Amino acid sequence: ENNISRYHQEFLEQELIGAGQFGSVYKCVNRLDGCVYAVKKSTKPVAGSVLEKTALNEVYAHAVLGKHQHVVRYYSAWAEDNHMIIQNEYCNGGSLADKIGQEALSAAELRRFLLHVAEGLRYIHSEGLVHLDIKPGNIFISKEKKIHITNYDSADDGFEDLDDNSLYEEELTYKIGDLGHVTSLSNPQVEEGDCRYLPNEILHEDYSHLTKADVFALGLTALECAGSGPLPKNGDQWHALRRGELPPLPQLLTRDLLELIQTMIRPDPAQRPAPVQILQSRALSPESGK
Ligand SMILES: Cn1cc(CCO)c2c3c(c(-c4ccccc4Cl)cc21)C(=O)NC3=O
């Protein structure tokens, strides 16, 4: 059997960036193209097991969900020495969970986050798939330094002082990752996601509005970004959220942003907005930021 590791042949491992029951994720440099990737190594699941289905699900989903700026990009996957390995786009800004662990998002950042992830969901659903595990830990951030045009005149002597950081602004792009729970709308094999973001109807195995389960999870994720604090895994507070009751929020969100989030966590999935309606809502229009 081939005992040369493709992983070590093709990649220079830089650092461990995540570990859990799912396996370990490394930041790696590809020796050929010199680019950085996120590579997840998980123990190869027993053939025919649920874990194997999940692992294959993830790769099938990535294969269908080609390039989209709000879905983490997939490059390759293979099996070696009893491990499953998947090579994805590396997002250099950490996960949303890391970011809101530090501090809540501002209203402007919250609007940007909702726009990006709603666009990613609109795309995933348009391909006849649902994510089923939307949560802060599965949203990754790419940071890009953009030259701030208005400061151009301060660089009147051309590009010499482009290293001057006042010229730059960091632009964040939010991307949906971890497609391990993705399933098809036409023939759903539902593996429940994180119970903190699970809508009641999925708990009761009602799969008639699966796309709205992603909208519900996005709504609760938005609440957490607004500083609601950690979400309950069960009990009275869990049920209160499923009755559509908003928890107390520290920061002053605009009323239309609160109303939008409230519609996303409505008990009846049919009453929740579809991603395209979220994108068109007044709360996310640039005017509302003024
Ligand atoms: C824990 N962790 C940290 C990161 C870096 C965030 O700045 C990360 C990434 C991914 C993943 C990932 C998730 C699920 C499946 C496969 C991968 Cl590579 C996990 C990641 C992924 O697909 N792309 C990442 O950047």
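The values are calculated or read from the model by the stated rules, or taken from the named source; none is laboratory data. Note that this is a predicted model, so its numbers are computed, not measured. As a convention, Cβ positions derive from the backbone with ideal geometry for all residues, glycine included, and neighbour counts pool all protein chains shown. Side chains are part of the model used for accessible areas, which takes the heavy atoms of the whole protein and leaves out ligands, DNA and RNA. Shrake-Rupley method; radii C 1.70, N 1.55, O 1.52, S 1.80 Å.
Note on the chain: with a GNM built from Cα contacts shorter than 10 Å, the maximum mean-square fluctuation among N92, N30, N82 falls on N82.
A Förster radius of 22 Å, combined with the Cβ-Cβ distance separating E192 from A97, puts the computed FRET efficiency at roughly 0.70.
Mean projected area of the Cα convex hull of the chain, taken over all directions, amounts to 17.9 nm².
In plain terms, the chain from L51 to Q9 could stretch by 12.4 nm, reckoned as 0.36 nm per residue minus the Cα-Cα distance. Placing unit charges on the Cβ atoms only, positive for Lys and Arg and negative for Asp and Glu, gives the chain a dipole magnitude near 920 debye about its Cα centre. What fraction, in whole percent, of alpha-carbon pairs in region 196-290 exceed 19 Å separation? Of the Cα pairs, 38 percent sit more than 19 Å apart. With all protein chains in place and a 1.4 Å probe, the accessible surface of the chain carries 51 percent carbon and sulfur.
For the listed residue pairs K27/K53; K27/K67; K40/K67; K41/K146, the alpha carbons are over 27 angstrom apart in K41/K146. Considering amide H positions built from the backbone, and no H for Pro or chain starts, which residues 5 or more places from L129, or on another chain, come under 5 Å of its amide H? Under 5 Å from the amide H of L129: L185.
Amide H of F11: which non-local residues (sequence gap of 5 or more, or other chain) have their own amide H closer than 5 Å, using H built in the peptide plane? Answer set, sorted by chain and number: R31. Scanning residues 5 or more positions from H83 or on other chains, those with amide H under 5 Å from its amide H are K44, with H placed 1.01 Å from N in the peptide plane. What the chain shows is 52 Å² of accessible area per residue, with the surface traced by a 1.4 Å probe over protein heavy atoms.
Across region 92-113, the residues whose backbone nitrogen lies under 20 Å from the label position 7 Å along the beta-carbon direction of A19 are 94-95, 98. Its residues counted as N, region 1-147 yields a C-alpha radius of gyration over 2.2 N^0.38 Å of 1.12.
Relative to the globular-protein estimate of 2.2 N^0.38 Å, the Cα radius of gyration of region 53-133 stands at 1.28.
Note on the chain: with a GNM built from Cα contacts shorter than 10 Å, the maximum mean-square fluctuation among R272, R196, R255 falls on R255. Couplings 3J(HN,Hα) of region 175-188, computed from phi: 10, 7, x, 6, 8, x, 10, 4, 9, 8, 5, 6, 9, x Hz, in residue order, whole Hz [Karplus 6.51 cos²θ - 1.76 cosθ + 1.60, θ = phi - 60°; x for Gly and Pro]. Would you please give the FRET efficiency between L246 and S126, computed as 1/(1 + (r/R0)^6) with r the Cβ-Cβ distance and R0 = 30 Å, to the nearest 0.05? The pair L246/S126 has a calculated efficiency of 0.55. Considering only R112, R122, R31, the mean-square fluctuation computed in a Gaussian network model of the chain, springs between alpha carbons under 10 angstrom, is largest for R31.
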